[in-house]
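Some notes on the structure that comes next.
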């Protein structure tokens, strides 16, 4: 039992370390992740959790000169939703699109790849938080550049993961990513319509319920 526990911990540790191989050698890294089973789903979920934590820290502990948030009004649920929501939408949309166009990656592969692809965003948010407590207002442009680098770097990792794990060509990868973004928009639109329908049904039945109570 102890050997299994140690092996499990070692697997998670190696999976976390593997993330830093992926961000510097994305094509080889994602290829080995799929074909040689390097990395693991638990490690990718840990990176997602750390991104949530970094978002909360950035909002609460960024230097007051650059922090426009009211630190007294922190809503942890909102912060979790801001991170988890887009990731879930991307995984669902990407899986639907790549399945339709004969992608070779599974849903698990997509979840794992996005977990590793967000590492630059995680690192740059931590760096941003530190620098906002050091830099002066005139040097604030540096912070914007840092966050932009993290976003672009993450985008490149998403591109390389889509191309690699699904065995797509360059043009097919562009199409898959574009179609996934459009699919996210459609999912959000349908979701809003569904919520609106539920609210209307609630108002309708509630008004009937009140009418019945008034007549009793």
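Just so you know, all these numbers are worked out from the coordinates, no wet-lab data involved. Since the structure is predicted, the reported quantities are computational estimates derived from the model, not experimental observations. Don't worry about glycine lacking a Cβ; one is built from the backbone with ideal geometry, like all the others, and counts go over all protein chains shown.
Quote the relative contact order of segment 103-216 in percent (integer), defining contacts as alpha-carbon pairs under 8 Å separated by 6+ residues.
28 percent
Report the convex hull volume per residue for segment 79-137, counting only C-alpha atoms, in Å³.
On the way: hull volume 5.7 nm³, N = 59.
Per residue, the Cα convex hull of segment 79-137 comes to 97 Å³.
Sequence gap at least 6, Cα distance under 8 Å: using those rules, report the relative contact order of the chain to the nearest whole percent.
Answer for the chain is 25 percent.
For a quick protection proxy, order the peptides 89-102, 187-200 by their average other-Cβ count within 10 Å, most packed first.
By packing density, highest mean first, the sequence is 89-102, 187-200.
Can you work out D for segment 71-216 in µm² s⁻¹ from Stokes-Einstein, where Rh is the Kirkwood radius over C-alpha pairs, the temperature is 4 °C and the viscosity is 1.567 mPa s?
70 µm²/s
Please list 114-120, 34-40 highest first by mean number of surrounding beta-carbon atoms within 10 Å per residue.
114-120, 34-40
What angle do you read, to the nearest 10 degrees and between 0 and 90, between the alpha-carbon axis of helix 76-100 and the longest principal axis of the chain?
On a 0 to 90 degree scale, this one is about 70.
Would you report the distance distribution of C-alpha pairs in segment 1-114 as whole percents per 5 angstrom bin, up to the bin with the largest distance?
Per 5 Å bin, starting at 0, the Cα pair percentages come out as 2, 10, 16, 16, 17, 14, 11, 8, 4, 1, 0.
Can you give the angle from 0 to 90° between the axis of helix 170-215 and the longest principal axis of the chain, with both taken from C-alpha atoms, to the nearest 10?
Once rounded, one gets 20 degrees.
Which whole number of Å³ per residue matches the convex hull of the alpha-carbon atoms in segment 7-62?
Details: hull volume 4.8 nm³, N = 56.
That works out to 86 Å³ per residue.
Any idea what angle helix 26-35 forms with the longest principal axis of the chain, computed on alpha-carbon atoms, 0 to 90 degrees, nearest 10?
80 degrees
What is the distance in Å between the Cα centroid of segment 135-209 and that of segment 42-68?
Between the Cα centre of segment 135-209 and that of segment 42-68, the gap is 19 Å.
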